[in-house]
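Undergrad: Handing you this structure, nothing more for now.
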Amino acid sequence: MGRRAKNKQGDPLREPTEHISPQKLGKRKANPGSDQKRPAKKVKNPARPTRLESLQENVKPRRTGKAALSDSEESWGGIEEENHPEGWDDVQDEDAVPRYVISCSSGTTSHRVKWRRSLFQDSDVSSKSDATSVSDTDEEGEDLPITASNFEARSHALDAKLARYAKLDAEELQLAAQVEADDLEGAEDMDADEDEVDAPDNGTVLPTPEERAEEKKVGGPEVHVVQKRMRQCIGILKRWKTSGAKTGRDRTEFVEQLILDIASYYGYNEYLAEKLFQLFPAAEAIEFFDANEVPRPVTIRTNTLRTRRRDLAQALINRGVNLESIGKWTNVGLQVFESSVPIGATPEYLAGHYMLQAASSFLPVISLSPQPHERVLDMASSPGGKTTHMAALMQNTGIIFANDANKARTKSLTANIHRLGCKNVVVCSYDGREFPKVMGGFDRVLLDAPCSGTGVISKDASVKINKTEKDFTLLSHLQKQLILCAIDSVNPASKTGGYLVYSTCSVTIDENEAVVDYALRKRPNAHLVDSGLEFGRPGYTSYRGKSFHDSVKQTRRFYPHVHNMDGFFVAKFRVTKRAKQAEEDKERSYPAADEDVLQDVQFDEKEDERYIQGESPHNHSSGLLMNLTEAKRRRLKAKGLRVTPRNHATTSAISA
């Protein structure tokens, strides 16, 4: 007997014939209504193999897994079934018990399959009625080859499996239909509103003054009432051209009511709700307000001064961070979906391998595209995300002046610069409006101007209530001053640069297109060029009666409900020499060299006689030397070099 046969569980002991209660029945439940006890039927012994045949059968190749289970079934088939009522309690006559003849001379598994097939065909516990048995048979026969003997059993198993899969598919379709029905509930309400538009009294959607007063007394209308009224107003405004006259109300009444409901539902003050609502169509405005209630994805920027994005992604994945690339428009950004560790406290973060930075903050630097060995100014640089990004693009060459008017914020700026290993950055704290006087001649300038923050409401919800008309007026005035100073700080004669990028994290017209159009009118030497960004909506050229320069359409706008990033605005300028200055340079002529001045000097015979007679030539040649000195001063000044004071230059020339 083999080792596996020794480890098999022994055969159950034969119990004497006795009456078994219905509660002790194994597989088939007894009828609770019948109290009659039935004796267990005795199954006659099937034809048993001889001792020699049994030994031959036991000497078989070693099997594992499911094949080994079939051996136990075969050994069970040759044992006399006495007093084992399990599975046979429904047999009424001895003649109804089938006899199974097992042939073991072939040495194959076909006899077990034949016996199992006859069992399924003759017994009441068949594959057609018991799905569990079919499943077990399918699992046991998966490793066996398909032959004529097991073809039927395998076919039944496949049919049962397909039936189970069909049932699961039906359940999934039913669940999907339920979800779709829930999603289309709002559309059905819109369809109902369409039917209501035909009614002449559809203006009753708007509350009366008495109803508004009642709502204010109770602290505002209920949420479901506001939602339904907003949907109805949007539906009416969308179809205003075709059926607006049927409402019997003015369009402004529906717009005013919708703005009031938006302010009440999303928590804005009425002024800001109206200002943001006017940027979009009615339906898209609701999408914008909904997007401001959802936080933006967590994104990080790879610091290429210390690592590569592929290596950083693999290191974070090993720490349990689920992430992927932001998109094709950036080769350093990663979006974090889930993290088992604090993403701002990993060893990689502390080592300066990446920076926690919003995806929208990549855009101004990508548009500016600073080159190595350039002189760059970041006028409002704290906390340093854009500054360190530029340092990485410049490969720690050239020089970057990182300025911030708030001296307290320069601490975090300096900390990030050191952590990320930026060695070409100089931190300073000046008012940006002083920069043309403090320092100028930059190849590229980045102005991420202070703004209202209407594009980052998802991060700072206080913007909803603390921004008033006065705030927008003051911010717009400050931005216009800063952009003029930034244009004046650019070196128009730069061979590689001469560019300015103006950006804000706001979506209002007053802080974006209006400021850009003002700069174009005040500085004719500044021109808008392509931003270099592959996506984003173009800027407005006209808005509520205001018209801007046609080139303003080259600016780019980004919205949370469209691009899944913070609201942002980017404009890129190319600064050239002023026309008046260029004309003066052409008209102005300076002596190119001393030889040119000497060519105009002619010899005087009388002066030569004095030289011959030995008189001192100092007094006579001083005028000529002064002319030479003056020509040299003009030439140095034209080149932009420092010129010594006039009195000192004259004295040194005469003394020489």
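The values are calculated or read from the model by the stated rules, or taken from the named source; none is laboratory data. Owing to the predicted nature of the structure, the values given are computational and were not obtained by experimental measurement. Methodologically, a virtual Cβ is constructed for each residue, glycine included, from the backbone with ideal geometry; neighbour enumeration extends over all protein chains shown. Areas reflect the complete protein model, heavy atoms only, side chains present, ligands, DNA and RNA absent. Shrake-Rupley method; radii C 1.70, N 1.55, O 1.52, S 1.80 Å.
Undergrad: Can you give the FRET efficiency for Ser339 and Ala176, using 1/(1 + (r/R0)^6), R0 = 35 Å, r = Cβ-Cβ distance, to the nearest 0.05?
TA: FRET efficiency, Ser339 to Ala176: 0.65.
Undergrad: A further question follows. Can you pull out the trypsin sites (Lys or Arg not before Pro) in region 411-474 whose DSSP state is coil and whose Cβ has at most 12 other Cβ atoms within 10 Å? Intermediate values should be presented prior to the final figure.
TA: Working: sites: Lys411, Arg419, Lys423, Arg433, Lys437, Arg444, Lys459, Lys464, Lys467, Lys470; in loops: Lys423, Lys459, Lys467.
Of the trypsin sites (Lys or Arg not before Pro), the ones in loops of region 411-474 whose Cβ has at most 12 other Cβ atoms within 10 Å are Lys423.
Undergrad: Moving on to the next point. Could you sort the peptides 149-158, 370-379 by per-residue average Cβ neighbour count (10 Å cutoff), highest mean leading?
TA: 370-379, 149-158
Undergrad: Sort Phe568, Phe535 by accessible area with a 1.4 Å probe, largest first.
TA: Phe535, Phe568
Undergrad: Next up: If each of Glu534 and Lys546 carries a label point 7 Å out from its Cα toward its Cβ, how far apart are those two points in nm?
TA: Each label point is offset 7 Å from its Cα along the Cβ direction, giving 3.3 nm.
Undergrad: Rounded to a whole number, what % of the accessible area of region 359-579 do carbon and sulfur atoms account for, probe 1.4 Å? Don't jump to the answer; show the numbers that get you there.
TA: Values: 4440 of 8910 Å².
Carbon with sulfur: 50 percent of the solvent-accessible area.
Undergrad: What length, rounded to one decimal in nm, is gained on full extension from Leu237 through to Ser429, with 0.36 nm per residue of separation minus their alpha-carbon distance?
TA: Contour length minus Cα-Cα distance gives 64.1 nm.
Undergrad: Let me ask another. So, R0 is 25 Å and r is the distance between the beta-carbons of Asn269 and Val562; what FRET efficiency does that work out to, to 0.05?
TA: After rounding to 0.05, the efficiency reads 0.50.
Undergrad: Could you give the length gained by full extension between Lys216 and Ala245, i.e. 0.36 nm per residue of separation minus their alpha carbon distance, to one decimal place? Could the numbers behind the result be given before it?
TA: Details: separation 29, 0.36 × 29 = 10.44 nm, distance 2.99 nm.
Once the chain is fully extended between Lys216 and Ala245, it gains 7.4 nm.
Undergrad: Here's something else I'd like to know. In nanometres, what is the gap between the two model label sites at Gln371 and Val438, each 7 Å from Cα along Cα-to-Cβ?
TA: So the label points at Gln371 and Val438 sit 2.7 nm apart.
Undergrad: Which whole-number percentage describes the relative contact order of region 303-405, with Cα contacts under 8 Å and a sequence gap of 6 or more?
TA: Across region 303-405, relative contact order equals 24 percent.
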